[in-house]
Amino acid sequence: MCGIVGYVGKQKAASIILEGLKRLEYRGYDSAGLCVLQGGRLDVAKKAGRVDVLVKEAAKHHFNGSTGIGHTRWATHGGVTDANAHPHVSSDGKFALIHNGVIENYSGMKKFLIGKGYTFQSETDTEALCNLIAYHYAKEPVVKNGGSRFLESVRKSLRHVEGTYGIAVLCLDCPDEIVAARKASPLVLGVGDQEYIVASDASAIVSHTQSVVYLKDGELVHLTPRTFSITTLDQADVSPVVDKITWTITDADLNGYSHFMEKEIFEQPLALENTMRGRFSEDGSTAQFGGLNLNAAEFRQIDRFLFCACGSAWHACLVAEHLIETFARVPVEVDYASEFRYRNAPLDRNTLCWVISQSGETIDTLAAMREAKRKGHRVLALNNVVGSTIAREADGGIYQHVGPEIGVASTKAFTSQLLLGAMIALYIARMRDMSFSDGAQYVQALKGAPDLVRTALKQAPQIKEIAKRYAKHADFLFLGRLSLFPIALEGALKLKEISYIHAEGYPAAEMKHGPIALITENCPSVFLVPKGDVFNKIVSSMQEIKARKGPIIAIVTEGCELPPGVADDVITIPDCHPAVLPIVATIPVQLLSYYITLERGCDVDKPRNLAKSVTVE
Ligand code: F6R
């Protein structure tokens, strides 16, 4: 939540920061602000509203300094007001600070600082930290061993913080310096030619440099235009590891699409190809993964898996559960990361934990992983963002390789997680009872997934027309069974988060135990209806809805014959292998949500109250 960016170098800071904030806006978009150190003062522009509002405000300031920081906010403490927008300036006017995270002990800090004569302009937790830095700076005018007084006052203050932070700080007395630090909120340093950009993620950096350092928890970076140094909260020196970003700025552009969500839906065939590239064995009968840090014999010992995640990634876990249990016959448990972290779940010795997180920064998933590790379990991670905290702290893992996902509603990252779940199921199954020929057939099916998704995407014009007819409704049910029950949950989540229509996902047969009470001609149901064992059962559920005048959109696999009159609208998807079915069935629910949202005129990429990665509890 919240995006932060800081620049120090030879260019004008404001334009680079504003461009960075636009790229980070998906992280939070209720207010934005900027501070440039120029003319012997900390010049601040900040406004409630989107970055575009800030751009207009900034134009009044004639920013021309080359050191600055900026912030796009997702409110935690304090309402959405100009005063609560970041940067915050200490009451002595010496420090400006931007912050992503939560200072949990801010009220004690604030009380203490008020006692010392510091004053507050906002209701935020952040302002307390800013004033605390000013307090330490004023208290200790001389730093031992010729160190930086600015850096040491930030370090000292952070030692008092309980909570999470990614921060960047300016100091009036050090006109071309920034100190930034992180704990449980992401921070990446872009290393340019005599210029540095520090930001919440690489999208704010990649148009300036591909060279980055992913900062770790408890690290501080001190930037000047000529050099940078990284140290820990305990003052230990850190040797930086400079990585290369593997994607380019065009991957983070709209490239002719109207919205990132639309772009990312249509990118899915390519995203799936990138996810599976190089990950099948030479004999073509199983999957292989480079980074599990667990050999086949060790993997063979595992007799139970636990998957933890949040939101869409949790739905991906449910599909993985179904496929692993079906094909590998190994029991799987799926938990919400936010529940697992507090419920002290009993885990036996041979349980392997997996966490799934696109961003690799979701705080609940990170905390679940840490808790499992504290209990001595090995944790593997599926992540998209390279160098993210979860990716770094996991014992091993698999990158999704789908490029930046910018639309707040997850699409291509979700189907890539489904694909990896299917590949993990195959990997485990082949170690157990799956034959070579079944494995080879499974591999061929996965390799065909991108083309099947291309075929499913061709239904877009028809789904757009259907969306026009249904967009007026206030409630929806999404119903599916077995591996498509999680896709029903995903369909309902997609629809509610971007169109604000109330939607619920249910196992189709469970609907008669309560939700059927909602059915009227104004509550449509979206049924996922594949060929196979439960086809007739699902049709019976549809009949029950029809008998109560509920409108039905049926998403059916090719070749399914529905009884006449049971569905009002039918969307056909290709028939496919069970491991691929959840991926292909996801396409129409994504498109339906997208087009309904367009029809209702909502902001597809920046839905209200949401932010892309949830780095606060
Ligand atoms: C929904 C969505 C969220 C995320 C969830 C976890 O469209 O995007 O539900 O799936 O916040 O995020 P990650 O995968 O980054 O941990």
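The values are calculated or read from the model by the stated rules, or taken from the named source; none is laboratory data. Remember, predicted model here, so these are calculated numbers, not experimental data. We place every Cβ from the backbone using ideal geometry, glycine too, and count neighbours over all the protein chains shown. To get the accessible areas, we keep the full protein, side chains included, count just its heavy atoms, and leave off ligands, DNA and RNA. Shrake-Rupley method; radii C 1.70, N 1.55, O 1.52, S 1.80 Å.
Filter segment 303-319 for residues that are more than 11 Å from the ligand (Cβ to nearest atom) and in contact with a strand residue (DSSP E or B) (Cβ under 6 Å, 6 or more places away or on another chain); which is most open to solvent (accessible area, probe 1.4 Å)? Before the answer, list the steps.
Within segment 303-319, the first condition is being more than 11 Å from the ligand (Cβ to nearest atom), and the residues that meet it are 303-307, 318-319.
Narrowing the set further to residues that are in contact with a strand residue (DSSP E or B) (Cβ under 6 Å, 6 or more places away or on another chain) leaves 304-307, 318.
Working: 304: 51, 305: 1, 306: 2, 307: 1, 318: 25 Å².
In this case the residue turns out to be 304.
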Any idea how many residues of segment 285-327 are touching a residue at least 12 places away in the same chain (Cβ under 8 Å), of a type in the set (S, T, N, Q) and assigned to a loop (DSSP other than H, G, I, E, B)? 4
Taking segment 547-559 as the region of interest, how many residues are modelled with pLDDT under 95 and under 15 Å from residue 526 (Cβ atoms)? 0
Number of positions in segment 413-436 that are away from the ligand (no atom under 11 Å from the Cβ), open to solvent by less than 10 Å² (accessible area, probe 1.4 Å) and not small (Gly, Ala, Ser): 8
Given (1) in a helix (DSSP H, G or I); (2) closer than 15 Å to residue 292 by Cα, index of the condition residue 377 fails: (1)
Of all residues in segment 166-184 being at pLDDT 95 or above and farther than 14 Å from residue 6 by Cα, the one that is surrounded by the fewest Cβ atoms within 10 Å (Cβ to Cβ): 173
Selection within segment 487-537 - free of Cβ contacts under 8 Å to residues at least 24 places away in the same chain and under 25 Å from residue 603 (Cβ atoms): 492, 496
Residue, modelled with the lowest pLDDT, within segment 368-389, restricted to residues that are open to solvent by less than 20 Å² (accessible area, probe 1.4 Å) and within 30 Å of residue 500 (Cβ to Cβ): 388
Do the conditions hold for residue 323, that is, is it in contact with a strand residue (DSSP E or B) (Cβ under 7 Å, 6 or more places away or on another chain) and either in the same structural domain as residue 414 (by TED's automatic domain parsing) or hydroxyl-bearing (Ser, Thr, Tyr) (or both)? no
Hits in segment 361-411 (condition: out of contact with any strand residue (DSSP E or B) (no Cβ under 9 Å at 6 or more places or on another chain) and within 11 Å of the ligand (Cβ to nearest atom)): 405, 407, 408, 409, 410, 411
Output the residue which, of all residues in segment 185-202 that are within 16 Å of residue 248 (Cα to Cα) and surrounded by fewer than 24 Cβ atoms within 10 Å (Cβ to Cβ), is farthest from the chain's Cα centre (by Cα). 192
Scan segment 87-129 for residues that are acidic (Asp, Glu) and closer than 19 Å to residue 37 by Cα and report the count. 2
Might you check whether a residue that is surrounded by 24 or more Cβ atoms within 10 Å (Cβ to Cβ) and over 29 Å from the mean Cα position of the chain (by Cα) occurs anywhere in segment 94-116? yes
Which residues, taken from segment 112-147, are farther than 17 Å from residue 78 by Cβ and at pLDDT below 95? 139, 140, 141, 142, 143, 144, 145, 146, 147
Looking at residue 40 and the list (1) at negative phi; (2) open to solvent by 10 Å² or more (accessible area, probe 1.4 Å); (3) in contact (Cβ under 8 Å) with a residue 60 or more places away in the chain, which single condition is not satisfied? (1)
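Residue by residue, here is whether (1) in contact with a Leu (Cβ under 9 Å, 6 or more places away or on another chain); (2) touching a residue at least 24 places away in the same chain (Cβ under 8 Å); (3) under 20 Å from residue 12 (Cα atoms) holds:
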| position | (1), (2), (3) |
| --- | --- |
| 100 | yes, yes, no |
| 115 | no, no, no |
| 125 | no, yes, no |
| 135 | yes, no, no |
| 161 | yes, yes, no |
| 166 | yes, yes, no |
| 172 | yes, yes, yes |
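Just give me the residues in segment 340-360 being assigned to a loop (DSSP other than H, G, I, E, B), within 13 Å of the ligand (Cβ to nearest atom) and open to solvent by less than 20 Å² (accessible area, probe 1.4 Å), in sequence order. Please lay out each step first, then the result.
Pass one, segment 340-360, residues assigned to a loop (DSSP other than H, G, I, E, B): 344-350, 358-360.
Checking which are within 13 Å of the ligand (Cβ to nearest atom) leaves us with 358-360.
Residues satisfying the conditions are 359, 360.
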With 330, 334 as the choices, which residue is in a strand (DSSP E or B) and closer than 27 Å to residue 445 by Cα? 334
When residue 122 is evaluated against the numbered criteria (1) more than 12 Å from residue 95 (Cα to Cα); (2) surrounded by 18 or more Cβ atoms within 10 Å (Cβ to Cβ); (3) touching a Phe, Trp or Tyr at 6+ places or on another chain (Cβ under 8 Å), which criterion, by number, is the only one it fails? (3)
I'm checking my understanding of the structure. Among residues of segment 579-617 that are more than 16 Å from the ligand (Cβ to nearest atom) and part of a loop (DSSP other than H, G, I, E, B), which one is surrounded by the most Cβ atoms within 10 Å (Cβ to Cβ)? 579
Residues that are within 15 Å of the ligand (Cβ to nearest atom), out of contact with any His (no Cβ under 8 Å at 6 or more places or on another chain) and not in a helix (DSSP H, G or I), drawn from segment 487-512: 500, 503, 505
Taking residue 20 as the residue in question, decide whether it is assigned to a helix (DSSP H, G or I), within 26 Å of the chain's Cα centre (by Cα), surrounded by 19 or more Cβ atoms within 10 Å (Cβ to Cβ) and not hydroxyl-bearing (Ser, Thr, Tyr). yes
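Here is a yes/no grid of residues against (1) of a type in the set (S, T, N, Q); (2) more than 23 Å from residue 443 (Cβ to Cβ); (3) modelled with pLDDT of 95 or more:
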{"site": "246", "(1), (2), (3)": "yes, yes, no"}
{"site": "253", "(1), (2), (3)": "no, yes, no"}
{"site": "274", "(1), (2), (3)": "yes, no, yes"}
{"site": "284", "(1), (2), (3)": "no, no, no"}
{"site": "293", "(1), (2), (3)": "yes, yes, no"}
{"site": "299", "(1), (2), (3)": "no, no, no"}
